[in-house]
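Here the structure is laid out as structure tokens; the discussion comes afterwards.
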Amino acid sequence: MTQPRRGGEYDVAVIGGGLVGSALAWGLARSGQTVAMLDEGDIAVRPSRGNFALVWVQGKGLGMSDYAGWTKKSSDDWGGFADLLYQQTGLDVAYRRPGGFMPMLSEEDLQARANAMMRLHNQPDMIPYPYEVMDRETLRKELPFIGPEVVGGTYCPLDGHCNSLRLLRTLHKGIGMLGVDYRPNHRVERIEHRDGGFRMAIAGNGAGGEIRAGKVVIAAGHDGARLAPMVGLSAPVRPQRGHVIVTEKTAPFLHHPTVYIRQTDEGGVMIGDSFEEAGFDTTLQPGVSSAIAERAIRFFPLLGKLNVVRSWAALRVLTPDGFPIYEESKTAPGAFVATCHSGVTLAANHALTLAPLIAAGGLGDRFTPFSARRFHVPQAA
Ligand SMILES: Cc1cc2nc3c(=O)[nH]c(=O)nc-3n(C[C@H](O)[C@H](O)[C@H](O)COP(=O)(O)OP(=O)(O)OC[C@H]3O[C@@H](n4cnc5c(N)ncnc54)[C@H](O)[C@@H]3O)c2cc1C
């Protein structure tokens, strides 16, 4: 079990105990670092508790082939990651990789999707991966319960899904077993770079005080935008709301995840994929819920017979181009930022690739494309 060094100092303080922070804390502790994970608590906006649980590859990275390759790598490593978590904690995060579908309701949409997949694969430096564009009859062999309006879809064998709430719980159990000092209700108000290390001023539920660490990783979701500039970094993220509906449990009928609908390991059906620009408002919008329910029934008419048991709205953490930011500060070396909008998909990378690099001291050139400097294009006069 790792212990803080003298005076409550740690090798690394991870700010944020959502999926990104927890995966990083787990990987850092496995790499032999003493780690404190500081989290604001359940009052915070947490997409880590409200997501759709896809480990998804197809279609990602149009505009940044490095992101497509990074996503593919995480998908390739996810099975081993789930096994490691199971061996350590005894908890099964229900990761399955049966391949995923994006069904379509019109020929125009199917053609646009096929074109987008082709453009993605024609990008320079793209690492190709298998996918298929299917007509209705081919699709129906794999998804026998599709409705009459479905014209076809795309398929990628690399796509999968998991139980993402259990993933968060498993990571928290795992970091506890690795000796990470998890401090809930520890909101970091300020970060100071001083004497070659970092001092975090803490607020929240009377915790108060200061935590010191040799390195700091900002994985605080939306609050990264406020915290990153304190150490010479930038994380211009914004919230984007998404609704999710869960039905009662039903007999297995959908053996593959789709972008909009997936059947969970427990039998319930999750319906999602709405996108609203509504600031930090997480109020459920009945109009949006009924629109995604209606679309889901067009894909799979049998869903019309199921009762809805839960629904919620949660906020994605989005950068201006939708791609992740991973960066070490030039002015405060040892300070890192990590933020992305696919924290489930990328959890294997964060735990098994990014964390060991941070533990070893730096990210290297490979991560240059993920720098937030890509947003700092000088404006023409
Ligand atoms: C509707 C929806 C569907 C999604 N579906 C998918 C999907 O299918 N697949 C996928 O890969 N991704 C999906 N995502 C995205 C995924 O959920 C996020 O990428 C991921 O949860 C982000 O995790 P995070 O740790 O960065 O952020 P968060 O979950 O916001 O965690 C940040 C943590 O930081 C803490 N914090 C904030 N400020 C401070 C502070 N000052 N001090 C200390 N702690 C602080 C908070 O308490 C919080 O716990 C979806 C998201 C949404 C909203």
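Taking 0.36 nm per residue of separation and subtracting the Cα-Cα distance, full extension of the segment from Thr331 to Glu266 would add 18.6 nm. A cut-off of 5 Å between modelled amide H atoms, ignoring neighbours fewer than 5 places along the same chain, links Val217 with Ala13, Val14, Ile15, Phe336.
For the listed peptides 24-36, 182-194, 244-256, 280-292, a ranking on the average number of other beta carbons within 10 Å per residue, highest first, reads 24-36, 182-194, 244-256, 280-292.
The Rg/Rh ratio of segment 161-262, with both radii computed over alpha carbons and Rh defined as the Kirkwood radius, is 1.10.
Note that the chain presents 42 Å² accessible area per residue, ligands and nucleic acids not counted, probe 1.4 Å.
Sequence-ordered 3J(HN,Hα) estimates for segment 345-359 from the Karplus curve with 6.51, -1.76 and 1.60 and θ = phi - 60° stand at 4, 8, 4, 5, 5, 4, 6, 9, 10, 5, 4, x, 5, 5, 4 Hz, glycine and proline given as x. A simple packing score, the average count of other Cβ atoms within 10 Å per residue, orders the peptides 46-55, 295-304, 346-355 as 346-355, 46-55, 295-304, with the highest score first. Of the beta bridges in the chain, as assigned by DSSP with both residues counted there, near 70 percent are antiparallel. A cut-off of 5 Å between modelled amide H atoms, ignoring neighbours fewer than 5 places along the same chain, links Asp273 with His243. Heavy-atom surface analysis with a 1.4 Å probe gives the chain a carbon and sulfur content of 53 percent of its accessible area.
Once both axes come from the Cα atoms, what is the angle between helix 65-89 and the longest principal axis of the chain, in degrees from 0 to 90, rounded to 10? Once rounded, the angle reads 80 degrees. For Tyr10, the residues 5 or more places off, or on other chains, whose built amide H falls under 5 Å of its own are Arg5, Arg212, Ala213, Gly214.
Suppose R0 equals 45 Å; then what is the FRET efficiency for Glu108 and Tyr86 from their Cβ-Cβ distance, rounded to the nearest 0.05? The pair Glu108/Tyr86 has a calculated efficiency of 0.55. Normalised by the number of residues in the chain, the mean separation of alpha-carbon contacts (under 8 Å, six or more apart) gives a relative contact order of 24 percent. Comparing Thr71, Val231, Ala251 along the charge dipole axis of the chain, the residue lying farthest to the positive side is Val231, per the Cβ-charge model.
Classified by the C-alpha gyration tensor, the chain has a prolate form. Its axis ratio a/c, with a ≥ b ≥ c, is 1.5 or above, and a/b is larger than b/c.
Placing dummy labels 7 Å off each Cα toward the beta-carbon, the span from Lys305 to Arg190 is 6.3 nm.
In segment 100-157, Cα pairs under 8 Å separated by at least six residues give a relative contact order of 56 percent.
Summed over qualifying helices (DSSP H, 4 residues or more, each -39500 (n - 2.57)) and divided by its residue number, the chain shows a 222 nm mean residue ellipticity of -8000 deg cm²/dmol. Ranking Ile127, Pro286, Ile15 by Cα position along the charge dipole of the chain, where only Lys, Arg, Asp and Glu carry charges on their C-beta atoms, puts Ile15 farthest toward the positive end.
Largest first, the three principal axis extents of the alpha carbons in segment 274-367 are 55, 27, 22 Å in whole numbers. Shape class of segment 51-131 from the alpha-carbon gyration tensor: oblate, with a/c at 1.5 or above and b/c at least as large as a/b. Taken about its Cα centre, segment 238-318 carries a charge dipole of about 100 debye when Lys and Arg each add +1 at the Cβ and Asp and Glu each add -1 at the Cβ. Before anything else, pin down the relative contact order of segment 238-318: Cα pairs under 8 Å, at least 6 apart, normalised by residue count, whole percent. So the answer I get is 47 percent. Charging the Cβ of each Asp and Glu at -1 and of each Lys and Arg at +1, and nothing else, the dipole of the chain about its Cα centre rounds to 560 debye.
The angle between the Cα long axis of helix 107-121 and the main principal axis of the chain comes to about 40°, on a 0 to 90 degree scale. Based on a Kirkwood Rh over C-alpha pairs, give the Stokes-Einstein translational diffusion coefficient of segment 100-157 at 20 °C and viscosity 1.002 mPa s in µm²/s. Approximately 181 µm²/s, per Stokes-Einstein. The Glu142 and Asp42 beta-carbon pair, evaluated with R₀ = 45 Å, returns a calculated FRET efficiency of approximately 0.70.
Scalar couplings 3J(HN,Hα) for segment 174-186, obtained by applying the Karplus form with A = 6.51, B = -1.76, C = 1.60 to θ = phi - 60°, are x, 5, x, 5, 8, x, 5, 8, 8, 10, x, 6, 10 Hz; x denotes Gly and Pro.
The values are calculated or read from the model by the stated rules, or taken from the named source; none is laboratory data. Keep in mind that what you see is a predicted model, and the values were worked out from it rather than measured. With ideal geometry, Cβ positions are generated from the backbone for all residues, glycine too; neighbour counts draw on all protein chains shown. Remember, those area values only see protein heavy atoms, side chains included, never the ligands or the DNA or RNA. Shrake-Rupley method; radii C 1.70, N 1.55, O 1.52, S 1.80 Å.
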